[in-house]
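The values are calculated or read from the model by the stated rules, or taken from the named source; none is laboratory data. This one's a predicted model, so the numbers in the text were calculated from it and none came from an experiment. Note that each Cβ is placed from the backbone with ideal geometry, even for glycine, and that neighbours are counted across all protein chains shown. Protein only, heavy atoms only, side chains kept; ligands, DNA and RNA dropped before computing areas. Shrake-Rupley method; radii C 1.70, N 1.55, O 1.52, S 1.80 Å.
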Amino acid sequence: MDIDPAEELGSDRSHPARVWNYWLGGTDNYPADRAVADAGAEVNPGLPLMARQCRRFLVRSVRYLAGEAGIRQFLDIGAGLPTMRNTHEVAQAVAPDSMIVYVDNDPLVLAHARDLLTNTTDEGVTTYLHADVRDPEPLLDDARNVLNFDRPVAVMLLGILGHAAPEYDTMRSLISRLMAATCPGSHLVLVDGVETDDQTYLAGVERLHEVGHMYQLRTVGQFRACFAGMELVAPGLVPVTRWRPDDDEEGADAPCSVYGAVGVRR
Ligand SMILES: C[S@@+](CC[C@H](N)C(=O)[O-])C[C@H]1O[C@@H](n2cnc3c(N)ncnc32)[C@H](O)[C@@H]1O
């Protein structure tokens, strides 16, 4: 049977990984993704900046984890398309023996996985799993082929659960099941959009829903509760732009409704 490549990649409808890639200035996206991304950005022109700020949070948090926290194993779930600086590049620049398992369920991310894996260090490991976070146990079983869960792992969930787990109870359950597989000293890195009084941000989210790009916001309290039983690394739960910002942080003084935090299991 012939497989229609458009059908295989689902390029006739928008996908979160590609909408995100477009806001980040990438080229791995299709007209359906650009139409959705542009519809949101017409209402909230700050969306591309917000996407860049999230990636910069990723860079700073991974740099912290590989450096100060001494983490050598990273499970980056909902990793997205290769873009800007990726987790393995940041971690292995600090600690060349870092091992990274990327996970995503987008067929185009799978098609690009080779780009993610090419420039790994000789000492380190970088692999990709095509898996769905909503089914964490098989994902963890596969990750165990590379990562040793008796040693600390950084579980990264950046901008994924608002898409993958709209119901808050599901979000909590997925995080608990993933973290239950880890040992003390393991970290959780979480980024998500929060309910805010920024009307432009809310209107942008609403417009995205109208065009089929679903993303569930959380309250700050719900976000914090995801770290139950963990200790938050300073500065705690803050807008991504305020988490250990670099001197040249873009838009650091402006309001930001996407929050980020790093927690550690004791
Ligand atoms: C907004 S992007 C964030 C990408 C990257 N983590 C970052 O912060 O730049 C969300 C990613 O989650 C992935 N994703 C959404 N639902 C998923 C699921 N159920 N299982 C695995 N990945 C999923 C999407 O394909 C997309 O790559």
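Of the heavy-atom accessible surface of the range 16-265 (probe 1.4 angstrom), what whole percent is carbon and sulfur?
So the carbon and sulfur contribution to the accessible surface is 50 percent.
Highest average first, the peptides 83-94, 27-38 ordered by how many other beta carbon atoms sit within 10 Å of their residues are 83-94, 27-38. For a Förster distance of 41 Å, can you work out the FRET efficiency between the beta-carbons of Arg224 and Leu117, rounded to the nearest 0.05? Step by step, r from the Cβ atoms, then E = 0.70.
Bridge orientation summary for the chain: considering DSSP beta bridges with both residues in this region, about 35 percent are antiparallel. The distance between label points at His209 and Thr27 comes to 3.6 nm (points 7 Å beyond Cα on the Cα→Cβ vector).
Keeping every protein chain present and rolling a 1.4 Å probe, give me the accessible area per residue for the chain in Å².
So the chain comes to 44 Å² accessible per residue, rounded to a whole number.
Restricting the range 200-262 to GluC sites (Glu not before Pro) that sit in a DSSP loop and have at most 14 other Cβ atoms within 10 Å of their own Cβ leaves Glu250. Hydrophobic long helices, here whole DSSP H runs in the chain with Kyte-Doolittle means of at least -1.0 and Cα atoms spread over 24 Å or more along the helix axis, are found at 47-66. In a fully extended conformation the segment linking Arg13 and Glu68 would gain 15.6 nm over its present Cα-Cα distance, using 0.36 nm per residue. Taking a cut-off of 28 Å, what percent of all Cα-Cα pairs in the chain are separated by more than that? Taking all Cα-Cα pairs of the chain, the fraction more than 28 Å apart is 30 percent.
Computed about its Cα centre, the charge dipole of the range 16-265 is approximately 380 debye, with only Lys, Arg, Asp and Glu carrying charge at their Cβ.
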